[in-house]
């Protein structure tokens, strides 16, 4: 199991990082596992939960509220616990992933049962109860999940799947100035059980601090620094493109998609527009297509640098020689190369 301090840190991180997915991350129509344990949600007993909330998370629970609502909360959590049991028994999913993937469902109980707008005091107590309850379950998860995984192996449930998982991302698109968290989720296409999978971003190294392993994985928020890759195009120049994301679970075919983040475009214009033999005094302007702001870029003549964009420069064309190709390249690899027309 995770250490107490690590568990507190991770739960604090998931509190701050919570975001609503546009579709259920663990649908109610999932297929229960025959190896699901009967009592997956073993947490703090009634007599200890108030003290544990304060000691572990610094939360103040009202003892009377706990006494009055303890049994009710267990009943409300029961459907979530049944999902957790099946997740524990699913090959490829470890108990840490399962504990973390159901946390939003625990929290949704409070929003539904004690709406903040009409029951603010109950909502606050319910939220605190939920956090310490989920943390208690998490700290006991390993000893509950191990027999379930052993059962799954005995019953040969660890099959190689021929269909890839259902994968989606939150948010659906990433603007180039986006600073928030990103989540990627995966579901088994038949059982609708969450699938734990590693995620890689082509030619980029990204981490997910809230994941116990630190790496980007399904169900865990991460920040992508909106960085595009440079690739050579058919004309021999460099384009900037959004990277390819690969979602690779155990025993499933991988899923790949291009990060839904349109690369910025640079508009380029040269005045005068045509070159003549001899020395040409020109200005090549480079502007962002969306904002219209000047772009820091270098003007190239053939393979040689002629100067900076948005400043007067000289381009010499030999008499009787071929007019060289004039093109512009971004100084910080933010934009694709653009050939001056």
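Tabulated data
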read-out: Overall dimensions of region 77-119 as given by Cα atoms, namely Rg and Dmax in Å; value: 12.6, 42
read-out: All Cα pairs of the chain, percent lying beyond 34 Å; value: 43
read-out: Computed helical MRE - 222 nm, the chain, DSSP H runs ≥ 4 contributing -39500 (n - 2.57), nearest 500; value: -10500 deg cm²/dmol
read-out: Stokes-Einstein diffusion coefficient of region 188-335, Kirkwood radius over Cα pairs, 37 °C, 0.692 mPa s, in µm²/s; value: 176
read-out: Residue order, fewest to most surrounding Cβ atoms within 10 angstrom, among 319, 83, 127; value: 319, 127, 83
read-out: Radius ratio Rg over Rh of region 299-341, counting only Cα atoms, Kirkwood formula for Rh; value: 0.99
read-out: Isotropic mean projected area of the C-alpha convex hull, region 4-154 (nm²); value: 9.1
read-out: Using alpha-carbon coordinates, inclination of helix 120-154 to the longest axis of the chain, degrees; value: 90
read-out: Dimensions in Å of region 266-339 - Rg and Dmax from alpha carbons; value: 12.2, 41
read-out: Tail fraction, Cα-Cα pairs, region 166-258, threshold 24 Å, whole percent; value: 25
read-out: With Cα atoms, 0 to 90° folded angle of helix 95-113 axis to the chain main axis; value: 80
read-out: With Cα atoms, 0 to 90° folded angle of helix 4-17 axis to the chain main axis; value: 60
read-out: Relative frequency of Cα-Cα separations exceeding 22 Å in region 101-239, percent; value: 60
read-out: Whole-Å distance, taken between Cα centres, linking region 157-211 and region 296-321; value: 45
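Computed from the coordinates by the stated procedures, all read-outs in this text should not be read as laboratory data. Since the model is a prediction, treat every value here as computed from it, not as a measurement. FYI the Cβ positions are ideal-geometry reconstructions off the backbone, even for glycines, and counts take in every protein chain you see.
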